[in-house]
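Just so it is clear, none of the values below were taken in a lab; they were calculated from the coordinates. Computed from a prediction, not measured in an experiment: that's the story for all the values here. All Cβ positions, even for glycine, are placed from backbone atoms using ideal geometry, and neighbour counts span all protein chains on display.
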Amino acid sequence: MMKINVKLCLLLVLTMTGMFAQTNVPTDYLSSEFHKTRREALRSSMPENSVAVFFSNPIRNRANDVDYIYHQDPNFYYLTGLKEPHSVLVVYSEAQEKGGKTFDEALYVYERGERYKIYNGAGVGVKGAQENLGFTNVYKGQDFIDEPIDFSKFDKIMFKEFEGDVRKKGREQPNLYALIEQFKSSINAIPVPEGKEVDAESEPAKSIVDTKSLRKLMAGLREVKTAEELKLIKKAVEISCVGQIEVMKAMHPGMSETETQGIHEMVFKKYGSEYEGYPSIVGAGNNGCVLHYIDNVKLQVGNELVLMDLGAEYRGYTADVTRTIPANGKFTQEQKLIYDLVYDAQEAGIAAMVIGGNARKTDKAARDVVYKGLLELGITDSLEQGRTYFPHGTSHHIGLDVHDLNNWGEFKENMILTVEPGIYIPEGSPCDEKWWGIAVRIEDDILVTKNGPVNYSALAPRKSDEIEKMMEQESIFDKFELPNLDKAE
Ligand code: GLY
Ligand code: MN
Ligand code: MN
């Protein structure tokens, strides 16, 4: 019979329950100082005698007892650095006093029970939030319920409208559902403030409840990046560029879309990127005409163009980079004409990424080039018809979200946006069939600076001849052969 090794068991249990502080892990996350100064910036933008309440993202179920990988609400992460569910952040515009304590914010976290820890580790908890996230005023989620905040004393209670996908059931208690229920009942119990009018259908506190302003305030903060954020974004973008380069070298007509995706994502992981910032898009030929094609199932890309739109997520920040390459290493005449037209449109768009510009101007600059070019090539009969082949916008902010929060105003220094014109000519389009199945998007991540646009994704070749040259290079994947598992028995 096997002897039980007591010491080993203890070590295993301690490790599983996360009682050893983890070392040998990345340390280049946003600093607690960053999150603190962001909360201060929010506080100073809040109206007098107001309170802002943020809830963590819900857990989303995949199947049975398996959940999707948890992703924190970007505003919550931006302000706290906490990546765990069932949490609440409360930010007060002015200092509050309670029980002899003065504070202007409070964080409520989920304190994991012993059984939960066996499966999922210790988590941050109250102590971790104080020691590692730099919060002084931290409580258990249960305290949010047992010692309810008196919201009636504020002139404004700001929060984001709840979306209907918060699960009531769950082992963790109090869970997000319970925290939200508590909050709702607190604000619904507030009497109508004297002299304030409310319509018959609204809850009593309606006149002081504000579910709109917070979005604008948070967008104002998040749309301009700090140096600390830009460092992480640059890393995410450059990792994505190396992915594009390695695929350019490895690509051949026999490769599948899935394998192509795998090479990109392997590069991401090799650099320590946690996830993809959005589902990876790899579309050969006509598949590239589907703007967010994420099936990636074609078994052989053949001699077509392969449109690859992928972004590594690094320490929470995502890149968004697209390259379109000829699978066999050489653009056909038609492919090159379309590719170079998109390139010229992108150049015009990038040139418009200046302080005082805006996404509309960038879009127009790129769109004008595409429309004129399509007309000259005889693909369209009029300029307006160009929209059929370029049906999406040219530019969006990136950051914690791939389509990052912003107020769509004038460009300011240290905003970072994509410039991504495209031309998509699906099979059966009303033009000469020699153009059918050609889809090209070129997408770069452009920083707005005092000295003009800076292309963070310049590392990945973008000109048609530079791509062809890169594709001539040898690849480490040329030798990456695996056993055939489908051999007859
Ligand atoms: N990757 C999605 C987009 O380019 O917006
Ligand atoms: Mn994009
Ligand atoms: Mn993209």
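Once the chain from LYS212 to TYR70 is taken as fully extended at 0.36 nm per residue, the excess over their C-alpha distance is 48.5 nm. The angle between the Cα long axis of helix 32-45 and the longest principal axis of the Cα atoms of the chain comes to about 80 degrees, rounded to the nearest 10. Taking amide hydrogens as placed 1.01 Å from N in the peptide plane, the amide H of MET255 sits under 5 Å from those of VAL301, GLY302, each at least 5 positions away in sequence or on another chain.
Out of the chymotrypsin sites (Phe, Trp or Tyr not before Pro) in the stretch 373-471, which ones are loop residues according to DSSP with at most 14 other C-beta atoms within 10 Å? Listed in order of number, the matching sites are TRP408. For the pair GLU466 and ASP344, a Förster radius of 22 Å applied to the C-beta separation gives a FRET efficiency near 0.90, rounded to the nearest 0.05.
What does the charge count near LEU291 come to, summing +1 for each Lys or Arg and -1 for each Asp or Glu among other residues with Cβ under 14 Å from its Cβ? Once all neighbours under 14 Å are counted, the net charge is -3.
When the chymotrypsin sites (Phe, Trp or Tyr not before Pro) in the stretch 143-176 are filtered for DSSP coil states and for at most 16 other beta-carbon atoms within 10 Å of their beta-carbon, the remaining sites are PHE162. Relative protection proxy for 294-307, 373-386, from highest mean packing down: 294-307, 373-386 (other beta-carbon atoms within 10 angstrom). Among the trypsin sites (Lys or Arg not before Pro) within the stretch 56-88, not one is in coil by DSSP while having at most 11 neighbouring Cβ atoms inside 10 Å.
For a paramagnetic label modelled on ASP381 (point 7 Å from Cα along Cα→Cβ), amide N atoms under 17 Å away belong, within the stretch 423-437, to 429-433. For a 20 Å ceiling on Cα separation, which of these pairs sit above it: LYS364/LYS463; LYS372/LYS469; LYS156/LYS184? Distance filter (> 20 Å) returns LYS364/LYS463; LYS372/LYS469.
For the stretch 13-137, the ratio of Cα radius of gyration to the globular rule of thumb 2.2 N^0.38 Å stands at 1.17.
Angle between the Cα long axis of helix 333-351 and the longest principal axis of the chain, 0 to 90 degrees, nearest 10? Roughly 40 degrees, rounded to the nearest 10.
Length available on full extension from GLU474 to SER152: 0.36 nm per residue minus the Cα-Cα distance, which gives 109.1 nm.
Summarising the amide proton neighbourhood of TYR314: residues at separation of 5 or more, or on other chains, whose placed amide H is nearer than 5 Å comprise ALA319. Backbone phi angles across the stretch 112-129, fed through the Karplus curve with coefficients 6.51, -1.76 and 1.60 (θ = phi - 60°), yield HN-Hα couplings of 6, x, 4, 5, 4, 5, 4, 7, 10, x, 6, x, 6, x, 4, 5, x, 5 Hz in residue order; Gly and Pro are listed as x. Relative to a virtual label point 7 Å from the Cα of ASN407 in the Cα→beta-carbon direction, which members of the stretch 333-373 show backbone nitrogen distances below 19 Å? Inside the label zone: 354-361.
Put a dot 7 Å past the Cα of VAL192, heading toward its Cβ, do the same for VAL25, and the two dots end up 5.2 nm apart. The calculated FRET efficiency for ALA227 paired with LYS184, based on their beta-carbon distance and R0 = 41 Å, is about 0.55. Against the main long axis of the alpha-carbon atoms of the chain, helix 257-270 sits at an angle near 50°. Counting only DSSP H runs of at least 4 residues, each contributing -39500 (n - 2.57), and dividing by the residue count of the chain, the helix-based mean residue ellipticity at 222 nm comes to -10000 deg cm²/dmol.
Using the Cβ-Cβ distance between GLU433 and THR388 with R0 set to 22 Å, the FRET efficiency from 1/(1 + (r/R0)^6) comes to roughly 0.90. In terms of its C-alpha gyration tensor, the chain comes out oblate, because a/c is 1.5 or above while a/b does not outweigh b/c.
Is the shape of the stretch 77-116 best called rounded, prolate or oblate, per the rule: a/c under 1.5 gives rounded, else a/b larger than b/c gives prolate, else oblate, with a ≥ b ≥ c the square roots of the Cα gyration tensor eigenvalues? Taking the square roots of the gyration eigenvalues as a ≥ b ≥ c, the stretch 77-116 is oblate. Within straight-line reach of LYS117, meaning a Cα separation under 27 Å, sit the following lysines at least 8 residues removed in sequence or on another chain: LYS3, LYS7, LYS83, LYS127, LYS140, LYS168, LYS169, LYS269. On full extension, the segment bounded by LYS450 and GLU161 gains 100.3 nm, given 0.36 nm per residue less the C-alpha separation.
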